[in-house]
Amino acid sequence: MAYKETNRAGNGAADMPVMQVQDLSFSYDGTVNILEGLNLDIQKGKITVLLGANGCGKSTLFKLMTKNLYPDEGSVLLSGEDIGDMGLKEFARKAAIVHQNNTAPPDLRVETLVGYGRTPYLNAFQTAGTQEDQRAVEWAMQVTNVAKYRSRPVSELSGGQRQRVWIAMALAMTTDILFLDECTAFLDIRYQIGIMQLVRDLNREYGMTIVMILHDVNQAMEYADMLVGMKNGRIIAEGDPQETVTPAFIREIYGIDLPVAEIGGKKFVMAV
């Protein structure tokens, strides 16, 4: 039995929000609001993608949802509890995060890095993990297909392999919600597809709720259950990607005209 199989929620979970963004406002300089009065529900057991041009506010929203920034007004609720009232360790036991830019010491082994994912469960006097920690680390490495690299330095791996290791570290936290910030950035197309298929497997097989930032519209249309389109700090569209993405949507979000074609029963944005 897979480590998290008993926690499986499945994609058929009821449409209930696991996270709620309520009347959220934020300013970096105390004068100009980047986000103002933003509201968003993240549905349990779904893959939600934040999409928009550079500077639209999606990264700021992501940071507010992951306790990397704190709102000026409003709140972010996780399972009904304001994350502003949670300590970082408590939040890390409920939501795992993979940031866009990650670095590790050149001699750090894969298994050691994945093991850092268990840090939120260790107390100040523990120097080694429990059997539960070891099972979680092994499960995370197996699911991401990096167990075969366990003894290798992370620095020796390819970009796609390293990204899987960072995802494995997040999975070792054994949370039910996973945040991914541009997890396919700087990867070639083969590794991009591999990472997106891994994300889908985590959602379908283990019922994980996934929230991610993507720049590739077609990847969002192929893999997301819910798409959130942003512009100028506002949510201007949200819904099923196959229904939401239209030429008008592309024009509004990116300011360019691109056709949207249907191939094999699915829609794709066509580059011209």
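The values are calculated or read from the model by the stated rules, or taken from the named source; none is laboratory data. Everything numeric in this text was worked out from a predicted model, so none of it was measured. Using ideal geometry, Cβ is built from the backbone for each residue, glycine included, and neighbour counts are taken over all protein chains shown. Only protein heavy atoms, including side chains, enter the accessible area calculation; ligands, DNA and RNA are left aside. Shrake-Rupley method; radii C 1.70, N 1.55, O 1.52, S 1.80 Å.
For the chain, what does the helix formula give at 222 nm: sum of -39500 (n - 2.57) over DSSP H segments with n ≥ 4, over the residue count, nearest 500 deg cm²/dmol? Show your work: numbers first, answer last.
On the way: 9 runs with 82 residues, N = 272.
Per the formula, -8500 deg cm²/dmol.
If one computes the Cα centroid of segment 156-197 and of segment 37-92, what distance in Å separates the two points?
Here the answer is 20 Å between Cα centres.
Where in segment 238-262 does the amide nitrogen come within less than 16 Å of the point 7 Å from the Cα of ALA271, taken along Cα to Cβ?
Residues 256-261 fall inside that zone.
Normalising by the residue count of segment 133-272, find the relative contact order in percent from Cα pairs under 8 Å and 6+ residues apart. Numbers along the way, then the final one.
On the way: 151 pairs, mean separation 20.4, N = 140.
Relative contact order comes out at 15 percent.
Beyond a 20 Å Cα-Cα separation, which of these cross-linked pairs lie in this structure: LYS44/LYS267; LYS67/LYS231; LYS63/LYS266; LYS63/LYS89; LYS63/LYS94; LYS46/LYS89? Walk me through the intermediate numbers first.
Numbers: LYS44/LYS267 25 Å; LYS67/LYS231 22 Å; LYS63/LYS266 32 Å; LYS63/LYS89 16 Å; LYS63/LYS94 16 Å; LYS46/LYS89 24 Å.
From LYS44/LYS267; LYS67/LYS231; LYS63/LYS266; LYS63/LYS89; LYS63/LYS94; LYS46/LYS89, over 20 Å: LYS44/LYS267; LYS67/LYS231; LYS63/LYS266; LYS46/LYS89.
Got a sec to turn the phi values of segment 211-217 into Karplus ³J(HN,Hα) couplings, 6.51 cos²θ - 1.76 cosθ + 1.60 with θ = phi - 60°, whole Hz, x for Gly and Pro?
10, 9, 9, 10, 9, 7, 5
List, in order, the whole-Hz ³J(HN,Hα) value for each residue of segment 246-261 obtained from phi through the Karplus relation with A = 6.51, B = -1.76, C = 1.60 and θ = phi - 60°; use x for Gly and Pro.
9, x, 5, 4, 4, 5, 5, 6, 10, x, 10, 9, 9, x, 10, 10
Go through segment 162-172 residue by residue and turn each phi into a ³J(HN,Hα) via Karplus (6.51, -1.76, 1.60, θ = phi - 60°); whole Hz please, and just put x for glycine and proline.
Per residue, the Karplus-derived 3J(HN,Hα) values read 4, 4, 5, 5, 5, 5, 4, 4, 5, 5, 4 Hz.
For the chain, what does the accessible surface come to per residue with a 1.4 Å probe? Please give it in Å². Write out the running numbers ahead of the final one.
Values: 12880 Å² over 272 residues.
Each residue of the chain exposes 47 Å² on average to a 1.4 Å probe.
What number, in percent, do you get for the relative contact order of the chain if the mean sequence gap of Cα pairs under 8 Å and at least 6 apart is divided by its residue count? Could the numbers behind the result be given before it?
Details: 508 pairs, mean separation 66.8, N = 272.
With pairs under 8 Å counted, the relative contact order is 25 percent.
Based on the alpha-carbon gyration tensor of segment 46-129 and its eigenvalue square roots a ≥ b ≥ c, which shape applies: rounded if a/c is under 1.5, prolate if not and a/b is larger than b/c, or oblate?
Details: a/c = 2.48, a/b = 1.41, b/c = 1.77.
Note, shape of segment 46-129 comes out oblate.
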